[in-house]
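**Student:** Take this structure, written in structure tokens, and hold onto it; I'll ask about it next.
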Amino acid sequence: MRKSFKKVLSLLLALLLAASVLLSLTGCSAQAEYRDYTFFEMDTYIVLRLARSAGAFGYLSDEYLDSVANECDRIIASCESYLSCHNDSQLSAINTEIAMMLNTDEKLLSAIATADRLSDITDGAFDYTLGALSTLWNVSGGGPVPGEDMIAEALLHTGRDKFEIDGSTVRKADKLAMIDLGGIGKGMATQTVLEYLSETDIEYAIVSLGGNIGVYGNKPEYGSYKIGVRDPDESTEVIGYWFISNGFVSVSGDYERFFEEGGKRYHHILDPKTGCPADSGIRSVAVHSSNGAAADALSTALFVMGYEKAMELYDSDVIDFEAIFVTVDGSVVTTPGVGDDFLFTSDNFTFTEK
Ligand code: AMP
Ligand code: MG
């Protein structure tokens, strides 16, 4: 790192505060314990903290840590190349040009298969085939609110029955249907980074990738990271801290991407049933899972489902996760397994024990 220590620290703080989940960076010893990196990939800032310690072998060299960080950056860029619709990706061709893709990239096929399983598990609340709808809403581009007839039309081009996968061939039954992996891609990339770290000499690390956090290895002493869960109304405030020692945390919130029209907020998480921004009584939901793709897809899906349906999924034991919900009526509610791992600190919301 060529920039001065102070500059780097303030940049990191700024980036972390901008993220949906905030890592706690208090204490000077953290700088000695870790070597920190920031990159910009997948349209988001990525913060990577690699522990310098090599256990009984002393410390890893800066050169080694830098090489691992560079590889993490390369891995994330490579994930973006097949998960996003940018440039000349196969996904972009599937969405815009062709009715049939032969020899589809294995990684893209595997990502679609994972997305499909999570759609099944969430009974379609997570729907990676709603590209026609997300393109129509153009939330990142500032809207405008589409007409009802246009939403109805886009809904006709949404649904898993519009795509058929046969070996390495992706066939479209409806040429206007589009795949959108935006609700799962960053979690997949976070998972891929942690898989790579397990092949290195890194003992423990944490990566934050636009609202998706991956916790790797065995951190000594208390063993957990203090992850701030953002206040939906205040970008620099938290509603509390979630102590996480392994796995993945993803957050979906109505404050992440939205535009306003006629005094109303239109956010980016769409209900595949209505074709409109989900209106299920949730402001944000943070999900902890042992799998990065699952954490990401579930955060999107639970937001769409709302608290009651989300708890039905939790109780069904179909998939293991824990979650913290912030609701429109100002409550913060957690799944039972969160327990004392969450420290509620907000004056703006009420903690409700269920
Ligand atoms: P996230 O921030 O992880 O909740 O993902 C939101 C992104 O996923 C949006 O910007 C869309 O690209 C896409 N998306 C929106 N609604 C859904 C949904 N119900 N299922 C799957 N992906 C969605
Ligand atoms: Mg998601």
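**Student:** State all residues of segment 115-145 that are more than 10 Å from ligand 1 (Cβ to nearest atom) and surrounded by fewer than 18 Cβ atoms within 10 Å (Cβ to Cβ); if no residue qualifies, say none. Break it down into steps so the answer makes sense when it comes.
**Tutor:** Applying the first criterion (more than 10 Å from ligand 1 (Cβ to nearest atom)) to segment 115-145 yields 116-117, 120-121, 123, 132, 136, 138, 141-145.
Within segment 115-145, D116, R117, D120, D123, N138, G141, G142, G143, P144, V145 meet the criteria.
**Student:** Right, A152: away from ligand 1 (no atom under 16 Å from the Cβ), touching a residue at least 12 places away in the same chain (Cβ under 8 Å) and outside any strand (DSSP E or B) or not?
**Tutor:** Values: away from ligand 1 (no atom under 16 Å from the Cβ): yes; touching a residue at least 12 places away in the same chain (Cβ under 8 Å): yes; outside any strand (DSSP E or B): yes.
So A152 passes the test.
**Student:** Among the residues of segment 248-265 satisfying the criterion of being surrounded by fewer than 21 Cβ atoms within 10 Å (Cβ to Cβ) and part of a strand (DSSP E or B), which is nearest to ligand 2 (Cβ to nearest atom)?
**Tutor:** Step one: of segment 248-265, the residues surrounded by fewer than 21 Cβ atoms within 10 Å (Cβ to Cβ) are 255-265.
Restricting the remaining residues to those that are part of a strand (DSSP E or B) gives 258-261, 264-265.
On the way: F258: 15, F259: 19, E260: 22, E261: 24, K264: 23, R265: 19 Å.
Of everything passing the filter in segment 248-265, F258 is nearest to ligand 2 (Cβ to nearest atom).
Residue-by-condition table, conditions (1) within 16 Å of ligand 1 (Cβ to nearest atom); (2) free of Cβ contacts under 8 Å to residues at least 24 places away in the same chain:
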| residue | (1), (2) |
| --- | --- |
| L197 | no, no |
| I202 | no, no |
| G210 | yes, no |
| I213 | yes, no |
| E256 | yes, no |
| R265 | yes, yes |
| H268 | yes, no |
| A286 | yes, no |
| A294 | yes, no |
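**Student:** Find the residue count for segment 155-180, including only residues that are in a helix (DSSP H, G or I) and exposed (fewer than 15 other Cβ atoms within 10 Å of the Cβ). Write out each step before concluding.
**Tutor:** In the first step, residues of segment 155-180 are kept if they are in a helix (DSSP H, G or I); the result is 155-156, 160-162.
After this cut, where a residue has to be exposed (fewer than 15 other Cβ atoms within 10 Å of the Cβ) as well, the list is 156, 161.
Number of matching residues: 2.
A quick yes/no check of all residues on (1) of a type in the set (S, T, N, Q); (2) surrounded by fewer than 20 Cβ atoms within 10 Å (Cβ to Cβ); (3) at pLDDT below 95; (4) more than 16 Å from ligand 2 (Cβ to nearest atom):
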residue	(1), (2), (3), (4)
F303	no, no, no, no
E312	no, yes, no, yes
D317	no, yes, yes, yes
I324	no, no, no, no
D329	no, yes, no, yes
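**Student:** Exactly one condition in (1) surrounded by 16 or more Cβ atoms within 10 Å (Cβ to Cβ); (2) assigned to a strand (DSSP E or B) is false for T236; which is it?
**Tutor:** Evaluating T236 over (1) surrounded by 16 or more Cβ atoms within 10 Å (Cβ to Cβ); (2) assigned to a strand (DSSP E or B) leaves (1) as the failure.
**Student:** Now for a separate question. Which numbered condition trips up V318, out of (1) under 16 Å from V229 (Cα atoms); (2) in a loop (DSSP other than H, G, I, E, B)?
**Tutor:** Going through the list (1) under 16 Å from V229 (Cα atoms); (2) in a loop (DSSP other than H, G, I, E, B), V318 breaks only (1).
The values are calculated or read from the model by the stated rules, or taken from the named source; none is laboratory data. Keep in mind that this is a model prediction, so the values were computed, not measured. Glycine gets a Cβ as well: all are built from the backbone with ideal geometry, and neighbour counts include every protein chain shown.
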